[in-house]
Amino acid sequence: AQKVTQAQTEISVVEKEDVTLDCVYETRDTTYYLFWYKQPPSGELVFLIRRNSFDEQNEISGRYSWNFQKSTSSFNFTITASQVVDSAVYFCALSEPYGNNRLAFGKGNQVVVIP
Amino acid sequence: GAVVSQHPSRVICKSGTSVKIECRSLDFQATTMFWYRQFPKQSLMLMATSNEGSKATYEQGVEKDKFLINHASLTLSTLTVTSAHPEDSSFYICSAALRSGGAGSTDTQYFGPGTRLTVL
């Protein structure tokens, strides 16, 4: 069964510091997809990234970057120069097999950026 | 693009009444829609998977007669909480999957803003 572990429950950082969120996954599939979502206090989950298992290139989008390490089954997310607006819960998710579009979510990382 | 709306955003009702929540994909046709429930400071709990024109697939432990799902079109799914009780109070979130690859790939889920249900 798919499993996603986000060990850091709550992380507090001072504004402008970098913060890295760890995501470790377990799957027996050779083809799978990984996602990150942001849930600000308003409640709506915002899609950040989708990555398939064959694409191990790291990705950067503005202050966000992702490090996909298949060898360690990790898909870590870094926010550079954090801002107060980055305060949110961040969820890592892993696709379930058979193309049914279901996702297995981690428990989330609560990020608190202190001004 | 990929906007999902959900209505109402907040509802307060009396115990025993039914509440309908609508989920719409505004600018795309969803391959699948999902309904989740989220308790405070917890992750999302999948309740059911909904496909247009077919019966929803409920997760283990979710009462299908309690949580009625209708998927009328490729852009609209509704969740009706029947005979709501205080223990049904929660944050309900829908998502719509947008085709993101070839057959067998996992489509990207886009989420609605959620509905906070309070049953008195």
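Each reported figure results from applying straightforward, stated rules to the coordinates on display, with no laboratory input. All figures in this text were calculated on a predicted structure; none of them were measured in a lab. Glycine also receives a Cβ, built like all others from the backbone with ideal geometry; neighbour counts cover every protein chain displayed.
On a straight-distance basis, which aspartates and glutamates could pair with B:LYS66 in a cross-link, Cα separation under 17 angstrom, same-chain partners fewer than 8 positions away excluded?
Of all the aspartates and glutamates, those that pass the test against B:LYS66 - Cα under 17 Å, at least 8 places apart if same chain - are B:GLU22, B:GLU87, B:ASP88.
Quick check: convex hull over the Cα atoms of the protein assembly as shown, volume per residue in Å³, rounded to an integer?
Per-residue hull volume (Cα only) is 125 Å³.
What is the sum of charges around B:CYS13, taking Lys and Arg as +1, Asp and Glu as -1, for the other residues whose C-beta is under 12 Å from the C-beta of B:CYS13?
+3
For a quick check: sort B:HIS7, B:HIS71 by the number of other beta carbons within 10 angstrom, fewest at the front.
By the 10 Å Cβ count, ascending, the order reads B:HIS7, B:HIS71.
What are the residues whose amide H is under 5 Å from the amide H of A:TYR33, where those residues sit 5 or more places off or on another chain and H is modelled from the backbone?
Distant-sequence amide H within range of A:TYR33: A:SER95.
Under 10 Å, Cα contacts only: if you run a Gaussian network model on chain B, which one of B:LYS41, B:LYS66, B:LYS55 comes out with the highest mean-square fluctuation?
B:LYS41
Can you work out the Karplus-derived ³J(HN,Hα) for every residue in region A:12-28? Use 6.51 cos²θ - 1.76 cosθ + 1.60 with θ = phi - 60°, whole Hz, and x for glycine or proline.
Residue by residue, region A:12-28 yields 10, 9, 8, 3, 5, 7, 8, 9, 10, 10, 8, 9, 10, 10, 10, 7, 9 Hz.
Normalise the Debye intensity by I(0) for region B:24-102, one equal point scatterer per Cα, no solvent, then take log10 at q = 0.11, 0.17, 0.20, 0.25 Å⁻¹ and round to two decimals.
Listed by q, the Debye log ratios stand at -0.29, -0.67, -0.89, -1.25.
Of the residues B:THR49, B:THR108, B:THR32, which exhibits the maximal mean-square fluctuation in a Gaussian network model of chain B defined by a 10 Å Cα contact cut-off?
Highest fluctuation among the options: B:THR108.
If the elastic network links every pair of Cα atoms under 10 Å, which of A:GLU56, A:GLU44, A:GLU17 fluctuates the most in the Gaussian network model of chain A?
Most flexible of the set in this elastic network: A:GLU44.
Hey, what do the phi angles of region B:3-19 turn into as Karplus ³J(HN,Hα) couplings, whole Hz, using 6.51/-1.76/1.60 and θ = phi - 60°, x for Gly and Pro?
9, 10, 10, 8, 9, x, 7, 8, 9, 10, 9, 8, 4, x, 8, 10, 10
Pairing rule first: another cysteine's C-beta must sit under 4.7 Å. Under that rule, which cysteines of chain B stay single?
B:CYS13, each lacking another Cys Cβ under 4.7 Å.
Stokes-Einstein at 4 °C, 1.567 mPa s, Kirkwood radius from Cα pairs: D for chain A in µm² s⁻¹?
The calculation lands on 91 µm²/s.
Quick one: what are the phi-derived ³J(HN,Hα) couplings along region A:80-91, Karplus 6.51/-1.76/1.60 with θ = phi - 60°, whole Hz, x for glycine and proline?
8, 6, 4, 10, 4, 5, 7, 4, 5, 9, 10, 10
Mind checking which lysines have their C-alpha under 27 Å from A:LYS16, skipping anything on the same chain fewer than 8 residues away?
Excluding near neighbours in sequence, the set is A:LYS38, A:LYS107, B:LYS41.
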